[in-house]
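Notes follow the structure.
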Amino acid sequence: MQTVDTLEKEFKELLKDQDAYREALALVQWDLRTKIPEKGAEQRSEVIGFLSQKMHQLATSDKMKHLIDQLKDKTTNNVLQKSLEECELEYKRSIKIPDAEYKAFVTLRSKSESVWQKAREDNNFSLLQPYLEELVSYNKRFATYWGYQDNKYDGLLHLYEPGMTTEILDTVFEQVRTGLTKLVKQISETKIQPDENLLTHHFPKKDQENFSLDILKKMGYDFDAGRLDETIHPFAIGINPNDVRVTTRYDENDFRMAVFGTIHEGGHALYEQNISKGLAQTPMASGTSMGIHESQSLFWENFIGRSEAFWKEHFDLFHSYAPAAFHTLDFSDFYTAINAVKPSYIRIEADELTYCLHIMIRYELEKSLINGDLAVKDLPEAWNQKMEDYLGIRPTSDREGVLQDIHWAAGDFGYFPSYALGYMYAAQFNNQLSKEMNIEQIISSGDFSPIKNWLTRHIHQHGKMKKPLEIIKEVTNEPLNATYLLDYLTEKYTKIYDL
Ligand code: ZN
């Protein structure tokens, strides 16, 4: 019989081993997406496969099972207890899928991703259709293996947003959708039409980079524990708590891509940089859910980065890097242009107001697919119809419609709602924060540390120790409430568009 002490020691060692593979994998992936020479990529995917398999083996090992069985509910160490619960969840999830079935799924997924690229290039959904049909049926089975109470879709949703249910989502999404479609319609009928061309003057990459670096510093991003690099699809990645990296993408004819992209990824990075160091080398040292992570990036990108106070405060700094063509811009024209609202086909190009509608379309469709209410062959038509219903525009090709995102082709169902949840969480945090301090005044002071410290105290430091809905409840004293997002958007856009 092993003592609790010995078991704890063994468990910590196992977590460290797991974490070493995770760190290696993260670094290798960062390199693959930023610095690797073209010819190096081929062998790299084998290395990624190998490291992922090692992690999986540790997570499903007999040793892991033994430690969970012997130590859970016996340890008095809170971090270890939560880690045991997390490991148990992962263990159960993994062993429920037969090995051969999971391997076949992984192979199918990687084939499907390359077929998706071709289907998108050729604007031909029928190429992808058979793969998607198979991926949907895999996901239906996974949802059944993992279990759910009322709705099969919950079995998948829980992976990304623990504790969230289709029932809650249906209610809040309906509320937001009704409010947003009304606002979008009002805006389309006003005379005020922002001129986005004001923003598309040439702006050299180096100067955009220097401006982005200054903003990251002001946000409180720690450059001794991170760095900024260039990539095609921007992301932030926690290698370890003292090495959290940000990437961005430059378009010399549209500085918005790099500047707002960097602020967004910077928000993700602040979360990972400020997780309590006591959680390091355990599964608790990461963001608690996709939705809460997204709330941090969106809070900085939109609530701070697209606010009037932010640009008033940084207009001189912006001019110090921007070419002459920007110097004669009227501030209010500039501010209106960076907040222009216009229904568009592509999700990642959508503005702050219409973005959630794009997400709701995907949510409703994937929920119907998983519940068997929609056949894959009918997906393009269903997509186009919803675009017309919610955004008032109808895609003329599947490339600008159902084929635009890789998520489904990569076998990921249940992930999309996180993006819209992030907006709602961010608005609810923002509302609470504004009760405790004058956000505008802080932005105008140029010292963001009170905001960053508030986020760290209430959200960042806890890592995975608290579940998303628990954080929302504790920080704002109420459950998820979509009213705050609608109020924020209504107030902001009523002013900009003089509704
Ligand atoms: Zn994000």
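We did not get these values from a lab; they are worked out from the coordinates using the rules stated. Everything numeric here is computed off the predicted structure, so don't read it as measured data. Ideal geometry is used to build each Cβ from the backbone, glycine not excepted, and the neighbour counts take in all protein chains shown.
The alpha carbon gyration tensor of segment 327-479 gives principal lengths a ≥ b ≥ c with a/c of 1.5 or higher and a/b no greater than b/c, which makes the shape oblate. Full extension of the chain segment joining D122 with I393 gains 95.3 nm, where the gain is 0.36 nm per residue of separation less the Cα-Cα distance.
From the convex hull of the Cα coordinates of segment 166-497, what is the mean projected area in square nanometres? Let's see the in-between values first.
Working: hull surface 67.1 nm².
Its Cα hull, projected and averaged over all orientations, spans 16.8 nm².
Among the chymotrypsin sites (Phe, Trp or Tyr not before Pro) in segment 1-101, none is located in a DSSP loop while being surrounded by at most 11 other Cβ atoms within 10 Å of its own Cβ. Report, ordered by chain and residue number, the lysines lying within cross-link reach of K39, taken as a straight Cα distance under 23 Å and ignoring same-chain residues fewer than 8 apart. Correct list for K39: K111, K118.
Charged side chains reduced to their Cβ positions (Lys and Arg at +1, Asp and Glu at -1) give segment 379-449 a dipole of some 80 debye around its Cα centre.
Residues in segment 360-366 carry Karplus couplings, in order, of 5, 4, 5, 4, 4, 5, 6 Hz; the curve used is 6.51 cos²θ - 1.76 cosθ + 1.60 with θ = phi - 60°, and Gly or Pro positions show x. Here the Debye sum runs over all C-alpha atoms of segment 4-124 as equal scatterers in vacuum, and log10 of I(q)/I(0) at q = 0.10, 0.13, 0.21 Å⁻¹ comes out as -0.45, -0.69, -1.19.
Straight-line cross-link reach from K217 at under 24 Å between alpha-carbon atoms covers these lysines, not counting any fewer than eight positions away in the same chain: K35, K205, K206, K277, K312, K452.
Between helix 483-497 and the chain, what is the angle of the helix's C-alpha long axis to the longest principal axis, kept within 0 to 90° and rounded to the nearest 10? Orientation of helix 483-497: about 20 degrees from the principal axis.
When a/c is below 1.5 the answer is rounded, else prolate if a/b is larger than b/c, else oblate, so apply that to segment 214-265 with a ≥ b ≥ c taken from the square roots of the Cα gyration tensor eigenvalues. Intermediate values should be presented prior to the final figure.
Numbers: a/c = 2.73, a/b = 1.60, b/c = 1.71.
Oblate, because a/c is 1.5 or more while a/b does not exceed b/c.
Phi angles of segment 229-240 translate, via the Karplus equation with coefficients 6.51, -1.76, 1.60 and θ = phi - 60°, into HN-Hα couplings of 10, 9, 8, 8, 10, x, 7, 10, 9, x, 6, 8 Hz per residue; Gly and Pro are given as x. Legend: residue pairs K386/K473; K16/K82; K72/K96; K9/K74; K140/K464, Cα-Cα distance threshold 23 Å; pairs beyond threshold, K386/K473; K140/K464. For the chain, the mean residue ellipticity at 222 nm estimated from helices alone is -20500 deg cm²/dmol, where every DSSP H run of n ≥ 4 contributes -39500 (n - 2.57) and the total is divided by all residues, rounded to the nearest 500.
Take the alpha-carbon centre of segment 262-286, take the same for segment 28-97, and report the distance between them in whole Å. Using only Cα atoms, the two centres lie 18 Å from each other. Compared with the dominant principal axis of the Cα atoms in the chain, helix 125-146 is inclined by about 50°. Once backbone amide H atoms are built at 1.01 Å from N, D229 has V246, T247, T248 as its partners under 5 Å, excluding neighbours fewer than 5 places away on the same chain. Which entries in the list K367/K495; K367/K466; K342/K466 go over 29 Å, if you measure between the two C-alpha atoms of each? Over 29 Å apart, Cα to Cα: K367/K495; K342/K466.
Applying the criteria of a DSSP loop state and at most 13 other Cβ atoms within 10 Å to the GluC sites (Glu not before Pro) of segment 123-227 yields E189. For segment 461-482, backbone nitrogen atoms closer than 17 Å to the point 7 Å from T178 Cα along Cα-to-C-beta are found at 481-482.
Can you give the relative contact order of the chain as a percent, counting alpha carbon pairs under 8 Å and 6+ residues apart?
Numbers: 674 pairs, mean separation 101.2, N = 499.
Relative contact order here is 20 percent.
For the chain, the longest principal axis of the Cα atoms and the long axis of helix 4-34 meet at an angle of about 40 degrees.
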